[in-house]
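Here the structure comes first, spelled out in structure tokens, and everything after it is commentary.
The values are calculated or read from the model by the stated rules, or taken from the named source; none is laboratory data. None of the values given here were measured: they were computed from a predicted structure. Note that each Cβ is placed from the backbone with ideal geometry, even for glycine, and that neighbours are counted across all protein chains shown. Side chains are part of the model used for accessible areas, which takes the heavy atoms of the whole protein and leaves out ligands, DNA and RNA. Shrake-Rupley method; radii C 1.70, N 1.55, O 1.52, S 1.80 Å.
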Amino acid sequence: LVVEFAVDEGLRWVVDGFRVEGLPAEVTSALDDDALQLEVTEGWDPRRLEDIERRWVRAMTDAGYPEATVASSVDTAEPGRVRVVVVAEPGPFVRIGEIAVAGLRRTSESVVRRMLNHVGLVTGEPYSQATLIRAQQKLYELGLFRRVTMVPVPGDERRDQRGLVVQVEEGLQRSYLVGVGWDTEER
């Protein structure tokens, strides 16, 4: 049995123009070229544009713009041609304010502060979602805490310098990781 399906591929759509507006310079330098543009004459793929928009929002939230948004407009007035304009709205630049640590019973606050400093979660630095997540992960890796949450200081949610409360819940038991390693490069 042979079954044949006739396929009409239709008109091929290509990117004819791509323009960027509003992306802060420090964010532009942090992104690779692949995230900054759609190649002109590249076949049109809306998923590629969605990927660019997500990467821009993530880059802006990591650079100190926690309220960043990205919107795009796609012009398909000319058959087979797509013109794209992507507009970034970074919102206000935000720095980390005072950091309070809550919930400690047995663990010294200096242990938590040292880990926060190690990942760059310190007063005056850009308010970065990636840094908050990295700090939370590092505190979990200590093996001392059952729960770690980071919440803005009430009333600071809309300020340009936002304080944080690092709330921890210590575990009932402590666990330690010990490791030994060797490699051929650094010996």
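What's the magnitude of the charge dipole for segment 63-187 around its Cα centre, counting Lys and Arg as +1 and Asp and Glu as -1 at the beta-carbon? Answer in Debye, nearest 20.
440 debye
Pop out the ³J(HN,Hα) list for segment 119-136 in order, Karplus 6.51 cos²θ - 1.76 cosθ + 1.60 with θ = phi - 60°, rounded to Hz; leave Gly and Pro as x.
Residue by residue, segment 119-136 yields 8, x, 8, 9, 4, x, 7, x, 6, 10, 5, 5, 5, 4, 5, 4, 5, 4 Hz.
I want to verify a result. In a Gaussian network model of the chain, Cα cutoff 10 Å, which of these has the top mean-square fluctuation: 79, 152, 92?
Maximum fluctuation in the GNM of the chain, among the listed residues, is at 79.
How far apart, in nm, are two points set 7 Å out from the Cα along the Cα-to-Cβ line at residue 7 and at residue 55?
About 2.8 nm separates the two model spin labels.
Simple spin-label model, 7 Å along Cα-to-Cβ: residue 74 to residue 108 in nm?
My value for the distance between the label points is 5.7 nm.
I'd like the antiparallel share, as a percent to the nearest 5, of DSSP beta bridges with both residues in the chain. Mind showing how you got there, number by number?
Numbers: 16 of 29 bridges.
Counting only bridges with both partners in the chain, antiparallel ones make up about 55 percent.
With every protein chain left in place, what is the accessible area per residue of the chain in square angstrom, probe 1.4 Å?
I get 65 Å² per residue for this part.
So between residue 153 and residue 141, what do we pick up on full extension, going 0.36 nm a residue minus the alpha carbon distance?
Taking residue 153 through residue 141 to full extension adds about 1.9 nm, to one decimal.
Work out from phi, with θ = phi - 60° and the Karplus expression 6.51 cos²θ - 1.76 cosθ + 1.60, the ³J(HN,Hα) of each residue of segment 59-76, listed in order in whole Hz, and give x for Gly and Pro.
5, 6, 5, 7, 9, x, 10, x, 9, 5, 9, 9, 10, 10, 10, 10, 9, 10
Let me check I've understood the local charge: for residue 81, count other residues with C-beta under 15 angstrom from its C-beta, Lys and Arg +1, Asp and Glu -1. What total comes out? If you can, show how the numbers build up before the last one.
On the way: positive: 12, 19, 83; negative: 16, 39, 42, 45, 75, 78.
So the environment of residue 81 carries a net charge of -3.
Can you work out the PRE-style zone for residue 100? Point 7 Å along Cα to Cβ, and I want the residues of segment 119-153 with backbone N under 12 Å.
Backbone N within reach: 151-153.
Add -39500 (n - 2.57) for each DSSP H run of 4 or more in the chain, then divide by its residues: what number comes out at 222 nm, to the nearest 500 deg cm²/dmol? Could you put the intermediate results ahead of the total?
Values: 5 runs with 51 residues, N = 187.
It lands at -8000 deg cm²/dmol.
Quick one: with all protein chains in place, what share of the accessible area of segment 1-153 is carbon or sulfur, to the nearest percent (1.4 Å probe)?
50 percent
Would you mind calculating the relative contact order of segment 42-187 from Cα pairs under 8 angstrom and at least 6 residues apart, reporting the percent as a whole number? Please list the in-between numbers first.
Details: 219 pairs, mean separation 33.5, N = 146.
Dividing the mean separation by the residue count of segment 42-187 yields 23 percent.
Amide H of residue 81 versus every other amide H placed in the peptide plane: which residues, excluding those fewer than 5 positions away on the same chain, fall under 5 Å?
14
Pick from 146, 47, 83: which residue has the top mean-square fluctuation in a GNM of the chain where Cα pairs under 10 Å get a spring?
47
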